[in-house]
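Reading through the structure tokens given below for one structure.
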Amino acid sequence: MATNENAVALLKADHRKVEELFESFEKARTGDRKKILVEQICTELMVHATIEEEIFYPACKGKIEDEDLLDEAYVEHDGAKVLIAELLQGSPSDEFYDAKVKVLSEMIKHHVKEEEMRSEGLFAEARDAGVDLESLGERLKIRKAQLLAKFKEAGKLPPPQTRSFTGHKLAQSEPIVAP
């Protein structure tokens, strides 16, 4: 990473890395390889979401024109975190495992598109609002390194924390059997 990498460049680089990991997952043939890739995907997404939520989004609040983009981004992150939690607790032999990865990939593609849209995306709005993307990039890079080191030291990811979900208890549904 270049030392002068601005926030948008750093976040876009994260997006490209995760896209490559999802592509690799689609080509993976063994459960072991899928598990490794899912752990990498989840790590990248957890770190990325954390640095956006702790640093980038707060820096945009009160400055960008369309603040609904921030609320939507938090909710999109929380939806992804639910699938991340499921994947981290599961294994490639579980029913719906591959489907969860596919849906997570589609959710992330949508989220990335909204952030990266040329004129009305979150990144464009931050740039147009005069957010200091250079100093923000440095802060994001430092925090990212801290999180990666913390997760490596712990040997696992912490359970994802949601911001927008209200804590409803979810339960697996029982199959409905016709009389």
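The values are calculated or read from the model by the stated rules, or taken from the named source; none is laboratory data. Bear in mind that the values here come from a model prediction, so they are computed numbers and not experimental data. No Cβ is skipped: glycine too gets one built from the backbone with ideal geometry, and neighbour counts run over all protein chains shown.
Which residues, taken from segment 101-136, are assigned to a helix (DSSP H, G or I), buried (at least 18 other Cβ atoms within 10 Å of the Cβ) and not hydrophobic (A, V, I, L, M, F, W, C)? If you could, list the steps in order and put the result at the bottom.
So in segment 101-136, the residues assigned to a helix (DSSP H, G or I) come out as 101-116, 122-128, 133-136.
Okay, now just the ones that are also buried (at least 18 other Cβ atoms within 10 Å of the Cβ), so 101, 104-105, 108, 111-112, 115, 122-123, 125-126, 133, 136.
Residues satisfying the conditions are SER105, HIS111, GLU115, GLU125.
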- Message: For LEU21, only one of the following conditions fails: (1) under 24 Å from PHE151 (Cβ atoms); (2) outside any helix (DSSP H, G or I). What is its number?
- Response: (2)
- Would a scan of segment 158-168 turn up a residue that is surrounded by 10 or more Cβ atoms within 10 Å (Cβ to Cβ), modelled with pLDDT under 95, out of contact with any helix residue (DSSP H, G or I) (no Cβ under 6 Å at 6 or more places or on another chain) and assigned to a helix (DSSP H, G or I)? no
- Inter-residue pairs, beta-carbon under 6 Å, first among the polar types (S, T, N, Q) and in segment 49-72, second surrounded by 12 or more Cβ atoms within 10 Å (Cβ to Cβ), 6+ apart: THR50/LEU147
- Within segment 68-99, the residues that are loosely packed, with under 13 Cβ neighbours inside 10 Å and in contact with a Phe, Trp or Tyr (Cβ under 8 Å, 6 or more places away or on another chain) are SER91
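Quick check, is LYS17 closer than 23 Å to LYS152 by Cβ, modelled with pLDDT of 95 or more and not polar (S, T, N, Q)?
On the way: closer than 23 Å to LYS152 by Cβ: yes; modelled with pLDDT of 95 or more: yes; not polar (S, T, N, Q): yes.
In short, yes.
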